[in-house]
1. Quickly run through the range 118-148 and pick out the residues that are acidic (Asp, Glu) and either assigned to a loop (DSSP other than H, G, I, E, B) or out of contact with any Pro (no Cβ under 7 Å at 6 or more places or on another chain) (or both).
2. Taking the condition of being within 16 Å of the ligand (Cβ to nearest atom) and under 16 Å from the mean Cα position of the chain (by Cα), how many residues in the range 227-257 meet it?
3. When you go through (1) touching a Lys or Arg at 6+ places or on another chain (Cβ under 9 Å); (2) in a strand (DSSP E or B); (3) surrounded by 22 or more Cβ atoms within 10 Å (Cβ to Cβ) one by one for Asn114, which number turns out not to apply?
4. Would you confirm whether any residue within the range 258-275 is assigned to a strand (DSSP E or B), within 15 Å of the ligand (Cβ to nearest atom) and among the charged types (D, E, K, R)?
5. Where residues in the range 66-98 are outside any loop (DSSP other than H, G, I, E, B) and of a type in the set (A, V, I, L, M), which of them is nearest to the ligand (Cβ to nearest atom)?
6. With respect to Gly103, determine if the residue is open to solvent by 20 Å² or more (accessible area, probe 1.4 Å), more than 14 Å from Asp263 (Cβ to Cβ), not acidic (Asp, Glu) and not in a helix (DSSP H, G or I).
7. Pick out the one residue from Ser285, Ser280 that is crowded, with 17+ Cβ neighbours inside 10 Å, more than 12 Å from the chain's Cα centre (by Cα) and away from the ligand (no atom under 16 Å from the Cβ).
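The values are calculated or read from the model by the stated rules, or taken from the named source; none is laboratory data. Just so it is clear, the structure is predicted and the values come from calculations on it, not from any experiment. For neighbour counting, all protein chains shown are included, and Cβ atoms are generated from backbone atoms with ideal geometry for every residue, glycine included. Side chains included, ligands, DNA and RNA excluded: accessible areas come from the protein's heavy atoms. Shrake-Rupley method; radii C 1.70, N 1.55, O 1.52, S 1.80 Å.
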Amino acid sequence: MTPLPRLAWYHRAGPDPKRPGPLGCLLEGRFHDLEGILGDLAYDARACLAEGCLRASKLEELARLSGEGSPEPPAEGFGLPIPEPGKVLCLGKNYAAHAAEFGAEPPKEPMWFNKLPEALIPAGRPIPLPPSLGRVDHEGELVLVLGASGKDLDEEEAVALVAGLTIGNDVTARDMQQRDRERGHPWVRCKSFDGFGPVGPWVVPFEEFFGADGPPADGTPDLEIEVRVDGEVRQHSRTGSMLHRIAQAVAWFSRHTTLRPGDLCFTGTPEGVSPLNPGSCVEVSIEGIGTLANPVVEA
Ligand code: MN
């Protein structure tokens, strides 16, 4: 379902999941290490974003300057594509069929919660499930990577702030969320356990999803999204079904908080969320990006 994208930004895995190796670039089937040409900057994703390195033309130029590259992905695997995002903004109930599976009406304005950046783990790393938590669900989601700073943006400016797209799994302790819902605050701790935020394996420049005319006014590409657990399809939808569109959501966030390079935005999950169990492997695939796969283990 998901061949390699033509062009993507990645970090090599480092010794510590929170401290990835240098920036690299996948271009036309070859993996290029960019440390040689970027030096220390290759370890500073937010600075690279601010320099425009995720723009397709710039990233391609860096790949070509770096030499031939390798047909093999880095032996150590991939690190977080944005190692230390300043914030991880999330949209809840952003697909009508997902809201309906919990008996909820879709929200009239974006429903905002955050995941703690500490929850994030790269592709391939295990998702640890504390045994006391009860049901824990996968939520496959399209994730926006912002490339610049902005506040009080209109929708056109908001779309221009999106530098790339990646894949996320908004892992959620569902039993805890149901109990916390009765207490009136169901959105924070159930989604922020360590490892409850797989992201990656890489970021595809936003321009790669659109033709010469650029993104549509609502900023939202229509991509197939699928989640499999041990190969069995659990979620299957299209990002074009999201309710609050990318332009609207990013502009809305920017009316509350200053957006910064490297900030991530999880855009909500479609229907079909289901429980994870230790020993399983969960994969989220999005058309044009690839597959984010993580094993599940007991914490
Ligand atoms: Mn979610």
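1. Glu118, Glu139, Glu141
2. The qualifying residues number 5.
3. (3)
4. So far as the range 258-275 goes, no, none of its residues is assigned to a strand (DSSP E or B), within 15 Å of the ligand (Cβ to nearest atom) and among the charged types (D, E, K, R).
5. Taking the range 66-98 and keeping what is outside any loop (DSSP other than H, G, I, E, B), we get 70, 78, 88-92, 96-98.
Filter once more, keeping what is of a type in the set (A, V, I, L, M): 88-89, 91, 96-97.
Numbers: Val88: 11, Leu89: 11, Leu91: 7, Ala96: 14, Ala97: 14 Å.
Here the residue is Leu91.
6. For Gly103, the condition - open to solvent by 20 Å² or more (accessible area, probe 1.4 Å), more than 14 Å from Asp263 (Cβ to Cβ), not acidic (Asp, Glu) and not in a helix (DSSP H, G or I) - is met.
7. Ser280
Residues checked against (1) in contact with a strand residue (DSSP E or B) (Cβ under 8 Å, 6 or more places away or on another chain); (2) at pLDDT below 95; (3) away from the ligand (no atom under 16 Å from the Cβ):
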| site | (1), (2), (3) |
| --- | --- |
| Val143 | yes, no, no |
| Gly147 | yes, no, yes |
| Val159 | no, no, yes |
| Thr166 | yes, no, no |
| Gln178 | no, yes, no |
